[in-house]
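Taking it in order: structure first as structure tokens, then the write-up.
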Amino acid sequence: MKIIIAPGAFKHSLSAVDAAAAIERGLKQSGLTAEYVVTPIADGGNGTLDVFLLHGGRRVELTVSGPYGRPVTAAYALLDDGYSTAVIEMAQASGLELTTPEERQSGTGHVLRASTYGTGQLLRAALDAGARRVIVGMGGSATVDGGAGALQALGVQLLDANGRAVEPGGGQLGAVATIDAGGLDPRWREVEVIIASDVDNPTLGSQGAAAVFGPQKGAAPDDVALLEASLTHFFSVVSEQADADVRALVGGGAAGALSAGLTAFLGGAIRSGIDLILEYTGFDAHLRDADLVITGEGQMDAQTVRGKGPIGVAQRARAFGVRTVALVGGLNTSDALLHEAGMWAALPIVTAPMALDEALERAAELTQRAAQRLGYLLQLGRE
């Protein structure tokens, strides 16, 4: 057999690289004889930077402003193409994992102040490093600010009716009266900006950034309503003053509508993050003679089928007649829905009731054991 091991990250517990290693250990522990091709994946969210760097490049670290203004160490990559391509993972600077439990708690109102300013600092650093193609990975964000913070870091002024700079956070965007993009570096006109998104949600509305992703970041119902109204106002002003209407943009809701903001001001083009990764890693070449693909992620839910990495892997494999099985931390959607979307089967790794903290701590062990059980199953019928 030839088995491709291609999991994504298990959020808050395992990187994609660590998940792949645990799966390979478990399969080998079962005694399954096979050729193993290990190629961890990402879809624009957590782990995107590391997956690109597995295939060569230079990691550049710097200190930037985190989602709530605290200094954080973040990184971007310059790829092995003469360093003309930079990869930025917005979660490195503006991610949910950089926040405290209190800041993520629903109803505290913290999410209204979360800003993508640090992501803008990474973008500026990549530009100064000479990048002429920038891939910006969406996903794992703590923010719902429409990319306003990132734009401010890049020199765009957002001013209220009195000409004062608008405070950070999506909850303040209702005060934007004037947008002055005169300070935006003209070099961006010569840079190709690719937005690697793991979702197809629009900027606004019932399936938009505030309504769908706000609650995941601590937004209570009143906060969601305020964020939706603020984003609606902001992108209406963008449409009027910057001549860029991204209010109904498919994929514009990614990363708290950072995707929409970068599209409007940097001319970004939205692409499937998982497709970018699979093309970059030459995934199709591995599929031509593969017998099985094993993928995985921490939580498989309704969002998975809207563009997340494991489904992207399964759909690519299905086109080659190869079946895909997922090992997952949690399964919170119907098996029929996943199967229709291209996944042959999804197997939870947790076999007994346990607290979330324990499951996260034991993620490597649980994943390895699940892979061992799958290895035994794959040997059914063999002599």
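The values are calculated or read from the model by the stated rules, or taken from the named source; none is laboratory data. The model shown is predicted, which means the values in this text are computed figures rather than measured ones. Every residue, glycine as well, gets a Cβ built from its backbone with ideal geometry; the counts of neighbours run over all protein chains shown. All accessible areas refer to the heavy atoms of the entire protein, side chains included, with ligands and DNA or RNA removed. Shrake-Rupley method; radii C 1.70, N 1.55, O 1.52, S 1.80 Å.
A few points about this structure:
- The numbered conditions (1) open to solvent by 10 Å² or more (accessible area, probe 1.4 Å); (2) farther than 26 Å from Val37 by Cα are all true for Gly256 except (1).
- Answer residue from segment 25-36, given it is more than 30 Å from the chain's Cα centre (by Cα), open to solvent by less than 60 Å² (accessible area, probe 1.4 Å) and of a type outside the set (Ser, Thr, Tyr) and is nearest to Ile135 (Cα to Cα) among those: Ala34
- Asp185 out of contact with any Asp or Glu (no Cβ under 6 Å at 6 or more places or on another chain), at pLDDT below 95, under 28 Å from Gly140 (Cα atoms) and of a type outside the set (Gly, Ala, Ser): no
- Residues of segment 56-82 that are outside any strand (DSSP E or B), modelled with pLDDT of 95 or more and either surrounded by fewer than 16 Cβ atoms within 10 Å (Cβ to Cβ) or among the charged types (D, E, K, R) (or both): Gly69, Arg70.
- If the condition is being in contact (Cβ under 8 Å) with a residue 40 or more places away in the chain and open to solvent by 40 Å² or more (accessible area, probe 1.4 Å), then segment 37-53 contributes only Asn46.
- Among the candidates Leu62, Leu79, Leu98, residue that is in contact with a helix residue (DSSP H, G or I) (Cβ under 9 Å, 6 or more places away or on another chain) and under 23 Å from Leu360 (Cβ atoms): Leu98
- Count of segment 306-351 residues, restricted to those that are part of a helix (DSSP H, G or I) and either within 22 Å of Gly26 (Cα to Cα) or open to solvent by less than 50 Å² (accessible area, probe 1.4 Å) (or both), is 10.
- For first residues located in segment 265-286 and buried (at least 20 other Cβ atoms within 10 Å of the Cβ) and outside any helix (DSSP H, G or I), partners that are among the polar types (S, T, N, Q) and modelled with pLDDT of 95 or more and lie 6+ apart or on another chain with Cβ distances below 9 Å form the pairs Gly268/Ser259; Ile270/Ser259; Ile270/Thr263.
- Among all residues of segment 357-368, there is at least one that is surrounded by 16 or more Cβ atoms within 10 Å (Cβ to Cβ) and under 16 Å from Ile41 (Cβ atoms).
- Number of positions in segment 288-305 that are in a strand (DSSP E or B), closer than 17 Å to Arg318 by Cα and open to solvent by 10 Å² or more (accessible area, probe 1.4 Å): 1
- Among all residues of segment 343-357, there is at least one that is closer than 26 Å to Gly137 by Cα and not basic (Lys, Arg).
- Any hit, segment 1-14, residues being part of a helix (DSSP H, G or I), modelled with pLDDT under 95 and in contact with a strand residue (DSSP E or B) (Cβ under 9 Å, 6 or more places away or on another chain): no
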